[in-house]
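Take a look at the structure below.
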Amino acid sequence: MPAKQIKVISKDASLVYMTVYVSMCQQNKSDKFTTKVTRLATVEAIQRFLMEQWQITKNPLMNYPLSDHIFSFNGRIMRHEANLDIYYLNDNDTIYIRFPSLGPLTTPWGMTSSELREALQARNVYRPNLLPEQLMYQLHRHLQKESRLERLQRATKRGLVDEVHQITQELRVLEKDEAAQLEIISPRQLARPKSISWPIPPCPNRTIFHSISELELKYEKIPRDVLEPAIFIFGANREWVFAKHNKLQKASFDYKYMAYEKDFLDMLVFKEEASLVFWFEPERSLDALSSFLCQIRDPVTSQHYRPLLLEAPRWLSLGGHNGWEGKTRRDGRRVLSKMKPIYTTSVQRIVTNLQSNSFDIIAIQEMIKQANPTLLI
């Protein structure tokens, strides 16, 4: 009697193997390779898997050093040491591999967000505030249009009436499909990756990030549902981050704090397009910061955020017994304040920041939170 086969299913989804396809995106090659990995595997695991297969099949790609393997998925370059799940990779998804020596990319699906933006801008069809998936589809459709327009031009010159009519119909269908697809595509509502630890569960509240250096270190480990709607308020000058640095600047001690990778800068640009980035320098205006917040809609209340309290006398009136600082005034008045301190009990610290138009982050946090308690800081 044959032995009964039992299929064992792991309770831990992160240990279940999934199929990930790796596709070429250069020289019009359509080579696609199949890999089997877990969600918590790294990109290096895919590299090793591919190299083993290429060596077995004598594929010429085995001659390229591992450092030349550049993987991308949904507009992002994948770091070799990163877990696959932080890129929200699913079973049967396709990632793209490129090699620097093989020339330009020939498919939008393998491009990064910045490459997609540049390609669309070169054609004067770029639309801001679109997701990488939408940009890929937009460029794909535009390339299809370009191909059909070339065919239409040739058919017109040759007087091929039926072919001209057919191509014209195809162009109309493409225009309708593009408009519909851009409306349909939206971020995939996936569970947070297991390799990403975040202190706050999924919620509609926006999060504020104020340290650009700290953000650069951890932005790839921030859940997508947190990062995409987040607000960036930096006490820095945009030029310090985006301006090209000369050799003398690169040798300075402070340079390392502003020498960011291109993928991080690309992310900042997309956030700027969504009007979710505020640079405090060089204007140094708290009024401008307040106006910036008032232009953003709060997904919790469906209203715009409220302005900051910028009048120093009103902050001073919060002090006193049972008030903000919890101490008795010299004139003996008692103030029962409904506002309770969260980041600082020092009213004077906030007043000093207001009077000097400074970026004391503790004072800024207190002012923002008191005006808009739904924001996470």
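Contact annotation: residue pairs with Cβ atoms under 7 Å, 6 or more positions apart or on different chains, pairing a residue in the stretch 50-68 that is among the aliphatic types (A, V, I, L, M) with a partner that is buried (at least 16 other Cβ atoms within 10 Å of the Cβ), are Leu50/Val22; Leu50/Phe33; Leu50/Thr35; Leu61/Trp54; Met62/Met51; Met62/Trp54; Leu66/Gln47. For the stretch 52-62, name all the residues that are closer than 17 Å to Ser101 by Cβ and either out of contact with any Phe, Trp or Tyr (no Cβ under 9 Å at 6 or more places or on another chain) or surrounded by 14 or more Cβ atoms within 10 Å (Cβ to Cβ) (or both). Answer for the stretch 52-62, where residues must be closer than 17 Å to Ser101 by Cβ and either out of contact with any Phe, Trp or Tyr (no Cβ under 9 Å at 6 or more places or on another chain) or surrounded by 14 or more Cβ atoms within 10 Å (Cβ to Cβ) (or both): Trp54, Asn59, Leu61, Met62. Can we say Val277 is assigned by TED's automatic domain parsing to the domain that holds Asn357 and surrounded by fewer than 17 Cβ atoms within 10 Å (Cβ to Cβ)? Criteria not met by Val277. Give me the residue from the stretch 104-116 that is modelled with pLDDT of 90 or more and part of a loop (DSSP other than H, G, I, E, B) and, out of that set, surrounded by the fewest Cβ atoms within 10 Å (Cβ to Cβ). Applying the filter and picking the extreme gives Pro104. Looking across the stretch 324-350 at every residue that is under 35 Å from the mean Cα position of the chain (by Cα) and among the hydrophobic types (A, V, I, L, M, F, W, C), the one that is modelled with the highest pLDDT is identified as Ile350.
Ile97 falls short on exactly one of the conditions (1) within 30 Å of Ala191 (Cα to Cα); (2) surrounded by fewer than 20 Cβ atoms within 10 Å (Cβ to Cβ); (3) over 19 Å from the mean Cα position of the chain (by Cα), and that condition is (2). For the stretch 239-263, filtered to residues that are within 20 Å of the chain's Cα centre (by Cα) and surrounded by fewer than 16 Cβ atoms within 10 Å (Cβ to Cβ), the residue that is modelled with the highest pLDDT is Phe242. Of all the residues in the stretch 88-122, those that are of a type in the set (Val, Ile, Thr) and without any contact (Cβ under 8 Å) to a residue 60 or more places away in the chain number 0. Using the structure shown, decide if Ser147 is part of a helix (DSSP H, G or I) and either surrounded by 14 or more Cβ atoms within 10 Å (Cβ to Cβ) or within 24 Å of the chain's Cα centre (by Cα) (or both). Here the answer is no, as Ser147 does not meet what is asked. Before we move on, is Ala179 at pLDDT below 90 and more than 19 Å from Lys262 (Cα to Cα)? Criteria met by Ala179. Ala13 satisfies every condition listed in (1) modelled with pLDDT under 90; (2) among the small types (Gly, Ala, Ser); (3) touching a strand residue (DSSP E or B) at 6+ places or on another chain (Cβ under 6 Å) except (3). Does Gln55 qualify as being modelled with pLDDT of 90 or more, under 22 Å from Met111 (Cα atoms) and assigned by TED's automatic domain parsing to the domain that holds Ser101? Considered against the rule, which asks whether it is modelled with pLDDT of 90 or more, under 22 Å from Met111 (Cα atoms) and assigned by TED's automatic domain parsing to the domain that holds Ser101, Gln55 comes out as no. Being at pLDDT 95 or above, surrounded by 14 or more Cβ atoms within 10 Å (Cβ to Cβ) and in contact with a Pro (Cβ under 8 Å, 6 or more places away or on another chain) is a condition met by at least one residue of the stretch 297-314.
Answer yes or no: is there a residue in the stretch 200-211 that is closer than 20 Å to Pro132 by Cβ and part of a loop (DSSP other than H, G, I, E, B). Within the stretch 200-211 (the criterion being closer than 20 Å to Pro132 by Cβ and part of a loop (DSSP other than H, G, I, E, B)), the answer is no, since none of the residues qualifies.
Just so you know, in the stretch 280-292 the residues that are farther than 30 Å from Thr112 by Cα and among the hydrophobic types (A, V, I, L, M, F, W, C) include one that is surrounded by the fewest Cβ atoms within 10 Å (Cβ to Cβ), and it is Ala288.
The values are calculated or read from the model by the stated rules, or taken from the named source; none is laboratory data. Keep in mind the model is a prediction, meaning the values are calculated, not measured. Heads up, the Cβs are rebuilt from the backbone with ideal geometry, glycines too, and the neighbour counts pull from every protein chain shown.
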